[in-house]
Amino acid sequence: MNLLKEKLPQIHPVDLADILEELDHHRVAIFNELETEQASETLTEVEPRVQRKLVSSLTVERVAELVDEMAPAQAADIRHSDATMTCRRAHAIDAPNRITRNLGNEHVRTRRKARGGA
């Protein structure tokens, strides 16, 4: 396993996705060894069945880290691929979108107040 840990950073995410799809028992352990950027890219490459298994094995914080590295469309794919995702995980994944919406809404309210509106 130590040799594998040394080689993981050198494996392209597409190839890692193929490897993880073929594994069963060691899939999560290997995925947990990946750095955030590589894990995020790999997660977008694996098939939805494997995505669900990997996401369900992770902490909410780790899922949020991985999704934060993704483009919005990829993050949406991950969020929607797991129909059984817990509310907490879905909430954590959607947090950046909610923050952006809230900041945008606050900006609009501030501009309206400055113009003398409601």
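The values are calculated or read from the model by the stated rules, or taken from the named source; none is laboratory data. What you are looking at is a predicted structure, and each value in this text was computed from that prediction instead of being measured. Quick reminder, even Gly has a Cβ in these numbers, built from the backbone with ideal geometry, and neighbours come from all protein chains shown.
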Just one listed residue, out of Val28, Val63, is modelled with pLDDT of 60 or more and in contact with a Lys or Arg (Cβ under 6 Å, 6 or more places away or on another chain), and it is Val63
Among the residues of segment 98-117, is there at least one that is within 30 Å of Lys5 (Cα to Cα) and either modelled with pLDDT of 65 or more or in contact with a helix residue (DSSP H, G or I) (Cβ under 9 Å, 6 or more places away or on another chain) (or both)? no
For segment 11-57, name all the residues that are β-branched (Val, Ile, Thr), within 17 Å of Met70 (Cβ to Cβ) and buried (at least 17 other Cβ atoms within 10 Å of the Cβ). Thr42, Thr44, Val46, Val50, Val55
Does any residue in segment 44-65 that is more than 15 Å from Leu34 (Cα to Cα) and touching a residue at least 60 places away in the same chain (Cβ under 8 Å) come within less than 9 Å, Cβ to Cβ, of a residue that is outside any loop (DSSP other than H, G, I, E, B) and aliphatic (A, V, I, L, M) six or more places away or on a different chain, and which pairs are these? none
Filter segment 1-47 for residues that are assigned to a loop (DSSP other than H, G, I, E, B) and under 19 Å from the mean Cα position of the chain (by Cα); which is farthest from Ser57 (Cα to Cα)? His12
Residue in segment 48-60 that is among the polar types (S, T, N, Q) and closer than 14 Å to Ala75 by Cα present: yes
